Amino acid sequence: MKSLKRWGITTVGALAATLALTACGGASGAPVETGTPAPSSSEAAAPAELTFWGWAPGYADSVKAFNASQSDVVVKYEEIQPGSRGGYEKMLNAVQAGNAACLGQVGYETLTSFAAQGALEDVSQYANANQGEYVEFAWNSVKVGDKVFGAPVDTGPMAMYYNKELFEKHNIEVPATWDEYKTAAEKLKAANPKIKISSPYANYDYAGMSWQAGALWFGIEGDSWKVSVDSDENKKVAEYWQSLVDAGTISKAPMYDPAWFKGLGDGSIATLVGAVWQAGVIKGDAADGAGKWAVAPMPQWDAANPSVGNVGGSATAVLKGCETPEAAWKFANFLSTDADSYGNLIDKAALYPAAKALLDLPQLTKEDKYFSGQKIFDVFKEEALKVNTDWTWGPNMPLTTTKLDDGLNKGWAGNGKLVDALVEANTATVENMKSQGINVAD
Amino acid sequence: MSVGTPTRSTIPKTRTSGRQARTAALLLAPFAVIFLGMYLAPLCFAVYRSLFVLKRDGLGLTAPTLVFDPFTNYLKAFTDPVFIESLGRVLLFGVVQVPVMLALATGLALLIDSRSARAKGFFRLTSFLPYAVPGVIAALMWSFLYSGTSSPINALLAPLGIEIPFLGQDMVLWSVANIVTWGWTGYNMIIIYAALQSIPGEILEAAKIDGASAWNIAWNIKIPMVRPALILTAVFSIIGTAQLYNEPKVLQSVSGGSIDSAFTPIMAAQAATAAQNYPYAAATSVILAVLVGILSITFFKITNRGSDA
């Protein structure tokens, strides 16, 4: 009996340990089998074959168009989960296992982190010749140091979406500066306390605000990283938004939450300062706002020297282990610069071109019913030229943004200060980099 | 049967047990394979991974290397205030939530089991129903009930001038506890109820003839007799608590920062994974597993002490 009991105890203990472990065992890095292996390298004379992993609607058609346009390279498109929903994990795991596709769709914000994982292939020897075809900051987004890892596809220049009907009803002018924006917030609140000027911004949406203000988060100095998430410029931006929170003019509805879409639709959230692709988000999920909204340039810190931030945008990146990097570059460049194929991407995925020559595409001059007939891309075209080109993403953005969001969420809810979020994110980022042996400049 | 073939009685004992062993091995093989592949292998891999440290150099733009350094990750975890805090939070959660839930489950089981209870099937089913709702869906539903912008509970209380800060920093842990209790009370109740059913009727009859009240029977006979079921549900609940994830993860986005990325140990491990630090995530997972193991064994020993005599 005694021994039986002991056995039972051990079993329960082992069971407990096993259950708890397996809960995270899957997350602790066992490489996941990731489907089709990359095609083997080209045989002599046969066209180079390569695989491309992406998820944007319309990419499949672009691949077809490319394959039809020439006979040197055959691209096979495989649609995968969007990056943040598992696509990036698939790519990183496949690179580790040595069976990744040649090309992958990678957001600019994640590209440096990919590079830091050693998951990308430097293609600068092929790519540099095409540099002039791209908008400067987009080109900088696919570059880390002097290495080029892919072709920029689209950008996310920012503007201000605002509820025109609300502004007209309360006789408030569209704010051109952040000071005027604050005044507008107060006027709207005075007219109806339920109207909030905007809602919380997290991670990359918040980064766009810092980007505009020239408040860099990262930089490279020689052989070291400079981390400046909590710089004075950044604190200025955080303190500005803090003042709006303190004045009770920021909604509590988290971005992309059903409550947020409801607020955008019913007029309780008056503006959204965000990227071009957010036009699609609003149209899709805040249908009640149809006909009420419009787009204007984002408010400025210094109206005499306008500057604009960027949120999102992605590259066709060449993944480590690609045996045909030149062919990979050829396709990546085509995807980003071919007018016919790109026109289709604008219609299907609301992408905004990173290639200069495509900024005149007819698809960008359409009137938009949701925005009461406004040609919204006209605004973004103007604004895209003002995007600050100095921005660099850090080598471990998931860590940086996780820490930042922990603090920002508290700040927006009034349980803390936005500035503290910057300080904590900065500290955690530097500590993490140093502990792994990465050079950090003081 | 040919000459020389041993008759049944002359088969050496060892051969019989040898055959039995083979049969047993054959029957156990599928389980063993799955157990080795799905449980032991990842477990060992996690332990193995946790003994390495990620190393980069310069700008860190080349592939990181893994350096064998068995203590660093564990040392880091034990000095990481965020991780320690998440352990403490879950411990506090368990100390309060598990007894409350089991008391509720036992109470419900006793009520449904009591002789005068009507519509037993109906009550059994309705109290079990929440368990049938997948954890994530339940959490989503509760997030709507709790949310600062949409809570119908607060909307009803508004005329009275009351607003319950379900997701406030001091309250959010108990809001999570409420979801877990809601979801699992019925499940535990069914186990305890099943144990109650197996109590011999003569014992209860005898107690009744001796004039014991319903309360007395419940307290002095029924509860002691379902002790094994209570211990089982308690151990399961302790393990479940350590794995707390679904509910806080779902509430995180609407919590206004009250739930951060390391609210529970598993969320902390997940955040480390997202930050590409697999070895550290493995180390925290191993620590959690060992702690839960120790806790479960301790609980088992303490609760079994009485029956040892």
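Can you tell me which of B:V290, B:V250, B:V235, B:V254 is facing another protein chain (nearest Cβ under 8 Å), open to solvent by 20 Å² or more (accessible area, probe 1.4 Å), in a helix (DSSP H, G or I) and of a type in the set (V, I, T)?
Among B:V290, B:V250, B:V235, B:V254, only B:V290 is facing another protein chain (nearest Cβ under 8 Å), open to solvent by 20 Å² or more (accessible area, probe 1.4 Å), in a helix (DSSP H, G or I) and of a type in the set (V, I, T).
Just to check your reading of the model, which residue among B:F93, B:F68, B:F83 is open to solvent by 70 Å² or more (accessible area, probe 1.4 Å) and of a type in the set (F, W, Y)?
After ruling out the rest, the residue left standing is B:F68.
If B:G183 satisfies all but one of (1) modelled with pLDDT under 90; (2) open to solvent by less than 50 Å² (accessible area, probe 1.4 Å); (3) small (G, A, S), what's the number of the condition it fails?
For B:G183, the exception is condition (1).
Counting only residues that are in a helix (DSSP H, G or I) and of a type in the set (S, T, Y), which one in region A:386-442 is farthest from the other protein chains (Cβ to nearest Cβ)?
Top of the filtered list is A:T427.
Taking the options B:I302, B:I223, B:I297, name whichever one is facing chain A (nearest Cβ under 7 Å), under 18 Å from B:P99 (Cα atoms), open to solvent by 30 Å² or more (accessible area, probe 1.4 Å) and of a type in the set (V, I, T).
Going through B:I302, B:I223, B:I297 in turn, just one is facing chain A (nearest Cβ under 7 Å), under 18 Å from B:P99 (Cα atoms), open to solvent by 30 Å² or more (accessible area, probe 1.4 Å) and of a type in the set (V, I, T): B:I297.
Check every one of the helices (runs of 4 or more DSSP H) wholly within region B:159-220 and list those with 3 or more residues that are touching a residue at least 40 places away in the same chain (Cβ under 8 Å).
Those helices (runs of 4 or more DSSP H) span B:172-197.
Using beta carbons and a limit of 7 Å, which pairs, at least six apart or on different chains, have the first residue in region A:81-102 and surrounded by 14 or more Cβ atoms within 10 Å (Cβ to Cβ) and the second one among the β-branched types (V, I, T) and assigned to a helix (DSSP H, G or I)?
Partner pairs satisfying both residue conditions: A:G83/A:T110; A:Y88/A:T110.
Restricting to region B:41-65, and then to whatever is modelled with pLDDT of 90 or more and loosely packed, with under 15 Cβ neighbours inside 10 Å, can you tell me which residue is nearest to B:A275 (Cα to Cα)?
Among them, the one singled out is B:Y48.
Would you check which residues across region B:138-157 are small (G, A, S), within 12 Å of chain A (Cβ to nearest Cβ) and open to solvent by 40 Å² or more (accessible area, probe 1.4 Å) and list them?
Those that are small (G, A, S), within 12 Å of chain A (Cβ to nearest Cβ) and open to solvent by 40 Å² or more (accessible area, probe 1.4 Å): B:G148, B:S150.
Here is a list: A:E133, A:E121, A:E168, A:E109. Which entry is more than 22 Å from A:P325 (Cβ to Cβ), open to solvent by 10 Å² or more (accessible area, probe 1.4 Å), in contact (Cβ under 8 Å) with a residue 40 or more places away in the chain and not aromatic (F, W, Y)?
A:E109
Among A:K369, A:K356, A:K348, which is open to solvent by 70 Å² or more (accessible area, probe 1.4 Å) and either closer than 25 Å to A:K143 by Cα or without any contact (Cβ under 8 Å) to a residue 60 or more places away in the chain (or both)?
On the way: A:K369 fails: either closer than 25 Å to A:K143 by Cα or without any contact (Cβ under 8 Å) to a residue 60 or more places away in the chain (or both); A:K348 fails: either closer than 25 Å to A:K143 by Cα or without any contact (Cβ under 8 Å) to a residue 60 or more places away in the chain (or both).
After applying the criteria, what remains is A:K356.
Find all pairs meeting these conditions: Cβ atoms under 8 angstrom apart; at least six residues apart or on different chains; first residue within region B:260-275 and in a helix (DSSP H, G or I); second residue at pLDDT below 90 and open to solvent by 20 Å² or more (accessible area, probe 1.4 Å).
Qualifying pairs under 8 Å: B:I266/A:A23; B:A269/A:A27; B:Q270/A:A27; B:A272/B:Y278; B:T273/A:A27; B:A274/A:P398.
Assuming B:S285 fulfils every condition listed in (1) touching a residue at least 40 places away in the same chain (Cβ under 8 Å); (2) more than 8 Å from every other protein chain (Cβ to nearest Cβ); (3) part of a helix (DSSP H, G or I); (4) crowded, with 22+ Cβ neighbours inside 10 Å apart from one, which condition is it?
That leaves (2) as the condition not met.
Which one of B:I203, B:I191 is open to solvent by less than 60 Å² (accessible area, probe 1.4 Å) and out of contact with any His (no Cβ under 7 Å at 6 or more places or on another chain)?
B:I191
If A:F137 passes every condition in (1) within 14 Å of chain B (Cβ to nearest Cβ); (2) over 21 Å from B:R56 (Cβ atoms); (3) in contact with a strand residue (DSSP E or B) (Cβ under 7 Å, 6 or more places away or on another chain) but one, which one does it miss?
(1)
Quick one: which of A:G274, A:G280, A:G284 is open to solvent by less than 10 Å² (accessible area, probe 1.4 Å) and outside any loop (DSSP other than H, G, I, E, B)?
Only one candidate qualifies: A:G274.
Across region A:243-271, which residue is farthest from the other protein chains (Cβ to nearest Cβ) among those that are buried (at least 21 other Cβ atoms within 10 Å of the Cβ) and of a type in the set (F, W, Y)?
Top of the filtered list is A:F261.
The values are calculated or read from the model by the stated rules, or taken from the named source; none is laboratory data. In this text, all values refer to a predicted model and were calculated from it rather than measured experimentally. Cβ atoms come from the backbone with ideal geometry, glycine included; neighbour counts cover every protein chain shown. When the accessible area is computed, the model is the full protein with side chains, heavy atoms only, and any ligands, DNA or RNA have been set aside. Shrake-Rupley method; radii C 1.70, N 1.55, O 1.52, S 1.80 Å.
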